[in-house]
Amino acid sequence: TNAKVLLTTTTHFWPPTCPMLINPTKTQVREALAHMPLVAAGNLLPDGKMGEPLDWQGDFGGVADYVLVEADGSRGLPLKAPAEHEPVIPDNTALTLAVAGMTCVGQTIEAAAHRAALYASRAGVALAAPITPALVAERLCAMDGQRKNVTGAFAVVLNQADTPERLTFARLVAE
């Protein structure tokens with residue numbers, strides 16, 4: 001298939017390695033996608049990250065066959081507890097992917113989770129509690145965890161399962 005894909009954000013993310021359009025109009029995105037299958041669009045922020053394109057306000061409809069929106073970052077940590085104002089999921093989102101990194105194996109909540117105190121509190125465990133497969137699975141699917149504000153389809157992505165130990169842990173989370 002010759003699907004056209006837009007990569008963007010409702011929050012902020014590091015610029016990807018694909019072609020990047022800075023504050024484009026929707027017409028400019030469609031024009032770029034006429035010549036290439038994947039582009040990213042965003043607003044250049046002072047820290048070097050990209051924010052949502054100016055004036056788009058979460059409306060990504062009609063610009064590509066698929067729009068991938070980073071809606072809630074974890075500051076590079078493998079696990080996350082969303083704050084009150086997060087995640088910023090656009091209206092009409094067809095599929096939300098909750099991501100957890102298997103580099104959390106062998107760590108405590110304090111070491112592995114962005115907003116660790118909130119993660120521990122919502123899970124009902126101590127901040128120093130070890131990360132377990134059951135804990136990761138519960139937080140991924142919890143309505144106050146990664147399933148928060150999801151209205152469409154929902155799936156889980158377990159990444160960073162690049163060692164036998166992490167792969168085994170990921171399989172236990174999936175179970």
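Put one equal scatterer on each alpha carbon of the chain, apply the Debye formula with no solvent term, and list log10 I(q)/I(0) at q = 0.11, 0.20 1/Å to two decimals. So the normalised log intensities work out to -0.52, -1.27. Residues considered: Leu127, Leu45, Leu79. Largest GNM mean-square fluctuation over the chain, using C-alpha springs under 10 Å, is found at Leu45.
How would Asp144, Asp162, Asp59, Asp91 rank on accessible area, largest to smallest, probe 1.4 Å?
Values: Asp144 60, Asp162 110, Asp59 80, Asp91 130 Å².
Putting Asp144, Asp162, Asp59, Asp91 in descending order of accessible area: Asp91, Asp162, Asp59, Asp144.
Scalar couplings 3J(HN,Hα) for the stretch 88-104, obtained by applying the Karplus form with A = 6.51, B = -1.76, C = 1.60 to θ = phi - 60°, are 9, 8, x, 4, 6, 5, 7, 9, 10, 9, 8, 10, 9, x, 7, 5, 6 Hz; x denotes Gly and Pro.
On alpha carbon coordinates alone, what is the Rg over Rh value for the stretch 97-175, Rh being the Kirkwood radius? If you can, show how the numbers build up before the last one.
Details: Rg = 12.0 Å, Rh = 12.7 Å.
Reported Rg/Rh, Kirkwood definition of Rh: 0.95.
Largest accessible area first, the residues Trp14, Trp56 order themselves as Trp14, Trp56 under a 1.4 Å probe with ligands, DNA and RNA left out. Accessible area of Thr96 (1.4 Å probe, protein heavy atoms only, ligands and nucleic acids ignored): about 20 Å².
At a probe radius of 1.4 angstrom, the accessible area of the chain per residue rounds to 55 square angstrom. Among the protein heavy atoms, those of Glu86 account for about 20 Å² of accessible surface (1.4 Å probe, every chain in place). By the helix-only formula, in which each DSSP H run with n ≥ 4 contributes -39500 (n - 2.57) and the sum is divided by residues, the chain has a 222 nm mean residue ellipticity of -6000 deg cm²/dmol.
Surface composition of the chain: carbon plus sulfur atoms contribute 56% of the solvent-accessible area (1.4 Å probe, protein chains only, all chains present).
Quick one: among Pro82, Pro164, Pro19, which has the greatest mean-square fluctuation in a GNM of the chain with alpha-carbon springs under 10 angstrom? Looking only at Pro82, Pro164, Pro19, the biggest GNM fluctuation is shown by Pro164.
Longer than 24 Å from Cα to Cα, which of Lys4/Lys148; Lys26/Lys49; Lys4/Lys26 are they? Say none if no pair is.
Working: Lys4/Lys148 28 Å; Lys26/Lys49 21 Å; Lys4/Lys26 13 Å.
Check vs 24 Å cut-off fails for Lys4/Lys148.
Helix 164-174 and the longest principal axis of the C-alpha atoms of the chain enclose an angle of approximately 80°.
The values are calculated or read from the model by the stated rules, or taken from the named source; none is laboratory data. This structure is a prediction, so every number in the text was calculated from the model and none was measured. Accessible surface is based on the protein model in full, side chains and every heavy atom, while ligands, DNA and RNA are left aside. Shrake-Rupley method; radii C 1.70, N 1.55, O 1.52, S 1.80 Å.
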